[in-house]
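Structure first, then comments.
The values are calculated or read from the model by the stated rules, or taken from the named source; none is laboratory data. As the structure is a computational prediction, the values presented were derived from the model and not from experiment. All Cβ positions, even for glycine, are placed from backbone atoms using ideal geometry, and neighbour counts span all protein chains on display.
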Amino acid sequence: MKQPEQDIQARIDSFEQWHYQFDLKGHLTPAVRGEKSVLRHARRKAHFFDPMVKLFGGSLCGKRVLDLGCNAGFWSLNAIEAGADFVQGVDVRQMHIDQANFVFETLEVAPERYDFSLGNVFDLDPEALGQFDVVLCLGLLYHINRPIELLENIARLNTDLLLIDTAVDSAPQSFLRIVHEPTDDPRNAVDQELVFWPTCKAVFDMTRLFGYDTTMLIPDFDDYTGLEDFRAGGRRAFFSAKQTDLSTLDAKTEVL
Ligand SMILES: C[S@@+](CC[C@H](N)C(=O)[O-])C[C@H]1O[C@@H](n2cnc3c(N)ncnc32)[C@H](O)[C@@H]1O
């Protein structure tokens, strides 16, 4: 449904919080941490999303993309802008599904190219959703406490690439650290405040268990403003693939 111009600002203001800054026909959504949020997501994009598009020859044309914990649709929109045929977003919070639909409607993305559905990532149904060339598991793995089950579910509906961006424990061993997080923050876990943070080695072990070849990106920024967790070794991005050759990835990488 096309949004009348005068309603755009009112709709933006009606939401309690925005995780990202979107430019909706000249109306900017107020990102929760202002300029730091803008920098953070632009740098995350440069760090892992752009190399992924490059890995596929510069376009996601022909790809079906699943965006888990899609929030307001920022990565879904990036996938559409990179040429993806179809994006399926899933988030457990109605506010985020409403925001994502509002963003896509306002930007007039063709309705047959996307769907945002309210749901828990543990209830993904491959029969209903179909198969996806690319699964985005960004900012999600450390907000849940059944990571092996989640990766098993993902592997069932993912034919090729899984992109993970997660907070990590910096220990060299393979383990999951228990962390408490408040469930009233709309970025966090929804039902249980006890979550697991994996070590890097644990991400390798868990993805390999389900048939993925995995590599980890080594962050290499001149300026880490907005990405302090990456500089401190507290966050990493991982490419896991069933088919694509990750040796052609145009980025500094490490295999554990
Ligand atoms: C930190 S935000 C990350 C948003 C986005 N993927 C990114 O990386 O920029 C985590 C998102 O996951 C959603 N979420 C948390 N637990 C979830 C679950 N079990 N199932 C579906 N969505 C979940 C939250 O509502 C929130 O929108």
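List of remarks:
- Of everything listed in (1) of a type outside the set (Lys, Arg); (2) assigned to a loop (DSSP other than H, G, I, E, B); (3) in contact with a helix residue (DSSP H, G or I) (Cβ under 9 Å, 6 or more places away or on another chain), the single unmet condition for residue 145 is (3).
- If you filter region 125-156 down to residues that are within 16 Å of residue 76 (Cβ to Cβ) and among the hydrophobic types (A, V, I, L, M, F, W, C), you find that the one that is nearest to the ligand (Cβ to nearest atom) is 138.
- Hey, residue 83 more than 23 Å from residue 165 (Cα to Cα) and either outside any helix (DSSP H, G or I) or touching a Pro at 6+ places or on another chain (Cβ under 6 Å) (or both) or not: no
- Region 158-186 - residue that is of a type outside the set (Ser, Thr, Tyr) and more than 25 Å from residue 218 (Cα to Cα) and, of those, nearest to the ligand (Cβ to nearest atom): 186
- When residues of region 189-233 are limited to those that are exposed (fewer than 15 other Cβ atoms within 10 Å of the Cβ) and touching an Asp or Glu at 6+ places or on another chain (Cβ under 7 Å), the one nearest to residue 164 (Cα to Cα): 218
- Per this entry, residue 84 is counted among residues that are hydrophobic (A, V, I, L, M, F, W, C), more than 15 Å from the ligand (Cβ to nearest atom), under 30 Å from residue 27 (Cα atoms) and in contact with a helix residue (DSSP H, G or I) (Cβ under 9 Å, 6 or more places away or on another chain).
- Residues within region 92-113 that are free of Cβ contacts under 8 Å to residues at least 40 places away in the same chain, more than 11 Å from the ligand (Cβ to nearest atom) and not aliphatic (A, V, I, L, M), tallied: 5
- Residues in region 122-166 that are β-branched (Val, Ile, Thr) and modelled with pLDDT of 95 or more: 134, 135, 148, 154, 159, 164, 166.
- If you filter region 1-48 down to residues that are touching an Asp or Glu at 6+ places or on another chain (Cβ under 9 Å) and hydrophobic (A, V, I, L, M, F, W, C), you find that the one that is surrounded by the fewest Cβ atoms within 10 Å (Cβ to Cβ) is 1.
- Matching residues in region 221-248 - criterion: being among the polar types (S, T, N, Q), outside any loop (DSSP other than H, G, I, E, B) and out of contact with any helix residue (DSSP H, G or I) (no Cβ under 7 Å at 6 or more places or on another chain): 247
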